[in-house]
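The values are calculated or read from the model by the stated rules, or taken from the named source; none is laboratory data. Just so it is clear, the structure is predicted and the values come from calculations on it, not from any experiment. Using ideal geometry, Cβ is built from the backbone for each residue, glycine included, and neighbour counts are taken over all protein chains shown. For accessibility, only protein heavy atoms count, side chains too; no ligands or nucleic acids. Shrake-Rupley method; radii C 1.70, N 1.55, O 1.52, S 1.80 Å.
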Amino acid sequence: MQKKRDMNTETPGFILKQGDGTLPLWVGSFSEAVFIIDPDGIIFQVNDAFACIFGKTPQEFVGSNIYDLASSDISLYRRKKVEEVLQSSKPLSWEDVRYGRHLRNTIYPMFTPNGEVEHLLIIAQDVTELKQTERSLISSNERLQIILAEAQGGIWEWDLSSNVNIWSDELWKLFGLE
């Protein structure tokens, strides 16, 4: 059973205005894959970025079930995420890896004026390059720490704008100030 939203609270989400014509324009403006489904997974709208993933047009998805587009284990996992949003009436984000790509997924409930979740707006942001950059930075930092430890050296920085000095742990040790 889905939780009804108390419209007097500050719970994040969107109020869905039927027939105002702005929703298709708004969803289409995203460069990330965006789609809107009803609580049962029936697709209400997708943008070009979503359709491109499957090599189709956005219109080809309307009325089909989102859970038919993925394997049963992925569909089951994502159904559980949708259920969490329906139960809490709050947005939910998580990251997963599909087909070698890192995705940050966010589900936003879309409410009727009387506070019921009528649709779910889902954004799948490809963060693969960000994850690769993060791993590279961590790896570089680990190598630098090994080099500094072996060389018994340290690093310091002086931020001229704030007049703050930053010393590495090795530098503190070299000066006996640890």
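So the values come out like this:
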item	result
Test result for Glu134, charged (D, E, K, R) and within 30 Å of the chain's Cα centre (by Cα)	yes
Among (1) in contact with a helix residue (DSSP H, G or I) (Cβ under 7 Å, 6 or more places away or on another chain); (2) closer than 30 Å to Lys173 by Cα, the one test that Val117 misses	(2)
Sole exception among (1) at pLDDT below 70; (2) surrounded by fewer than 16 Cβ atoms within 10 Å (Cβ to Cβ) for Leu16, by number	(2)
Boolean, Asp73 is at pLDDT below 95 and either open to solvent by less than 50 Å² (accessible area, probe 1.4 Å) or within 19 Å of the chain's Cα centre (by Cα) (or both)	no
Enumeration of residues in the stretch 85-114 that are assigned to a loop (DSSP other than H, G, I, E, B) and either more than 21 Å from Ser31 (Cβ to Cβ) or modelled with pLDDT of 90 or more (or both)	Ser89, Lys90, Pro91, Thr112, Pro113, Asn114
Check on Glu118, among the acidic types (Asp, Glu), surrounded by 17 or more Cβ atoms within 10 Å (Cβ to Cβ) and on the phi < 0 side of the Ramachandran plot	yes
Residue within the stretch 88-97 that is among the polar types (S, T, N, Q), at positive phi and touching a residue at least 40 places away in the same chain (Cβ under 8 Å) present	yes
For Thr128: the one exception among (1) in contact (Cβ under 8 Å) with a residue 60 or more places away in the chain; (2) surrounded by fewer than 16 Cβ atoms within 10 Å (Cβ to Cβ)	(1)
Complete set of residues in the stretch 133-174 that are assigned to a loop (DSSP other than H, G, I, E, B) and surrounded by 10 or more Cβ atoms within 10 Å (Cβ to Cβ)	Gly153, Gly154, Ile155, Ser168
